[in-house]
Amino acid sequence: AVDKGRYIPPHVRNRQTNDFGPQNSGGFNRRGGGFNRNFGGRDNRNFGGGNQWDGGRQNNRWDRSNEQPSNNRWSRDDRKAGGDNYPPPEDADWSKPLPRNERMERELFGKSNTGINFDKYEDIPVEATGESCPQHISEFTDLDLGEIISNNIKLSNYMKPTPVQKYAIPIARANRDLMACAQTGSGKTAAFLIPILSLIYENGPQGLPQHGRQYGGSGSRKRYPLALVLAPTRELASQIYDESKKFAYRSHVRPCVVYGGADIGGQMRDLERGCHLLVGTPGRLVDMMERGRIGLDYIKYLILDEADRMLDMGFEPQIRRIVEQDTMPGTGKRRTMMFSATFPKEIQMLARDFLDNYIFLAVGRVGSTSDNITQKVVWVDEQDKRSFLLDLLNATGKEDSLTLTFVETKKGADSLEAFLYSEGYPVSSIHGDRSQREREDALMTFRTGVTPILVATAVAARGLDIPNVKHVINFDLPSDIDEYVHRIGRTGRVGNLGLATSFFNDKNRNVVRDLVDILIESKQELPPWLESMAYEERRQQSSGRNRGRNRSAFQGGFGSRDYRQQNRSGGAQQRGGAPSYGGFTHYQPAQGYGGYPPGAMRQHDQQSFDWWGN
């Protein structure tokens, strides 16, 4: 039987060890939370020292027998999101900070942002279109954000605003609606939390019923939040909530989060303790509204994060039910912001219904990838993928770095996790068939480095902010190029440097032209074989074939600019940045870099290849 100290993937529990071959493998040394990835040869992967895997230190996240005090997000101690004193006095001054809580400071701000490459942002082009666009800021101190927010920005170790924050914060502070399109990992969450919370602190609970306003509502069990943030997935909603707790520290504002897959009773009890800022997924929020637990009568600020993803997931009926068919103040009577990495035509048309005289903000080319991400495309035949993946994991050579590997199917995620587990790698996986508890635990062990390799389907691809993800591997390339952008955006977050490696073969020819466009636009090295393949695709299309191919936002489609500017010029503010790059026909790639040509995997001595230039 497998040692109890070993992590066992959910789908292989209770199976015999010999189902997956030898269990001695590794080279991982988990002393101090780090690990050693210098595995050596593939036949020498024995776990060093047994420190992490002996019976004395359990790494079985499913064994609750030795569980430490609860870190359940619904536990009472963990839910003091704003101040320590609930409820606050009805005549309290919401602009004044509450006393410090050193324990909470350590919990909220203990992991400071380090290694952020903010200077890389200086040359990113920014375009803002709309009437009377407020002046952008250069520093957080350029605006009076109030004492509470200013202190929490410092505690978060935010040295200077990112481009989306430079524009979005003054726009929101000026009570303007906003549709913002910014690259993944650009600091969008803080771009909407900072201004709306600063305005709530400044204005207090104005508009709420006098009795019970300290709870976010009347004396009944129904709560009336002042701000609502909608997100497509449980993971993103949880992440936004965690960030909101930082900016609500030492304030009277109490954030809450509701999402499907978790105990609704616990969420309702948490709401009863007070809710001024609510983060939620559309389905669970509608459920709470129909149960009479949430009222939207006094919403002042509505934020839709990853709006295109919510539409892709079929949430438009629920979104319209929430925004248009209930008691929420109408367009123009509330402030609305929409954020996403891409804004196709359908989203921009939705903005006409939800936003009033809004400003369209594009930071970097819309739908683009981050220059902080080094992208490599490698020809790998299907039968060679697992072998090449092991070589990449062996070559990393860095401690405390995380690797996120994407596959297309749930079955593929289970299979690849089982394979890596049998090879001795501490790995976990996440996909839509996992329970909420399993998903949260998998993300927790990944974030903390207990299982520094995470195999994921698209469920984890959007919006998650996981520090120290140094390498994203597209084991299976997606068929949709927007999905590729969101996947590799898990690394290179907020100015940090990252690496994205994609396995390409004949199955991925449908995405070749869009992929080449992205590589050129972000000034990545282009493998000659990939350029030739893209040229052939273009030649075939020009001769009449492939006419039914979908147009991508990366080729100057509708999503790349404010649709209100389609038939008129002017009205835009543009700042700095490198010129945009068009087609690939004039590009001269560097030779011998960027990936293997077709068939090279069968001729290459993989273990001698130094992928990182070590």
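Rule-based calculations on the coordinates, nothing more; no lab input. Just so it is clear, the structure is predicted and the values come from calculations on it, not from any experiment. Methodologically, a virtual Cβ is constructed for each residue, glycine included, from the backbone with ideal geometry; neighbour enumeration extends over all protein chains shown.
Looking at the square roots a ≥ b ≥ c of the eigenvalues of the Cα gyration tensor of the stretch 177-323, which shape do they give, rounded for a/c under 1.5, prolate if a/b is larger than b/c, or oblate?
Oblate is the answer for the stretch 177-323, as a/c is 1.5 or above yet b/c matches or exceeds a/b.
Taking amide H positions as placed in the peptide plane 1.01 Å from N, state which residues far from Ser502 in sequence (5 or more) or on other chains have amide H under 5 Å from it.
The list, which skips near neighbours in sequence, is Lys376, Val377, Val378, Asn474.
Sort 275-286, 149-160, 470-481 by packing, meaning the average of other beta carbons within 10 Å per residue, with the highest value first.
Sorting 275-286, 149-160, 470-481 by mean packing, highest first, produces 275-286, 470-481, 149-160.
Where in the stretch 146-164 does the label zone of Arg100 land, with the point 7 angstrom along Cα→C-beta and an amide N cut-off under 15 Å?
148, 151-157
Towards the positive end of the charge dipole of the stretch 314-359, with charges on Cβ (+1 Lys, Arg; -1 Asp, Glu), say which of Met337, Gly314, Ala351 has the farthest Cα.
Result: Met337, furthest along the dipole toward the positive end.
Could you please report the charge total around Glu202, scoring K, R as +1 and D, E as -1 over all other residues with beta-carbon less than 10 angstrom from its beta-carbon?
0
Between Arg291 and Asp142, 0.36 nm times their residue separation minus their Cα-Cα distance comes to what?
49.3 nm
Which entries of Lys376/Lys507; Lys222/Lys246; Lys188/Lys333; Lys160/Lys246; Lys188/Lys222; Lys96/Lys160 have Cα-Cα distances beyond 21 Å here?
Lys222/Lys246; Lys188/Lys333; Lys188/Lys222; Lys96/Lys160
With θ taken as phi - 60° and the coefficients 6.51, -1.76 and 1.60, list the Karplus ³J(HN,Hα) couplings across the stretch 142-155 in order, rounded to whole Hz; mark glycine and proline as x.
5, 10, 7, 8, x, 5, 5, 5, 4, 5, 6, 4, 5, 5
Between Phe109 and Arg269, what is the spin-label point distance in nm, taking each point 7 Å from the Cα along the Cα→C-beta axis?
Label at Phe109, label at Arg269, 3.1 nm between them.
Could you check the simple spin-label distance between Asp433 and Asp480, using points 7 Å along Cα→Cβ, in nm with one decimal?
2.1 nm
Please compute the length gained on full extension between Lys523 and Glu536, using 0.36 nm multiplied by the number of residues separating them and subtracting their Cα-Cα distance.
2.5 nm
Arg221 to Thr409: extension gain in nm, 0.36 nm per residue of separation minus the Cα-Cα distance?
So the chain would gain 63.5 nm between Arg221 and Thr409.
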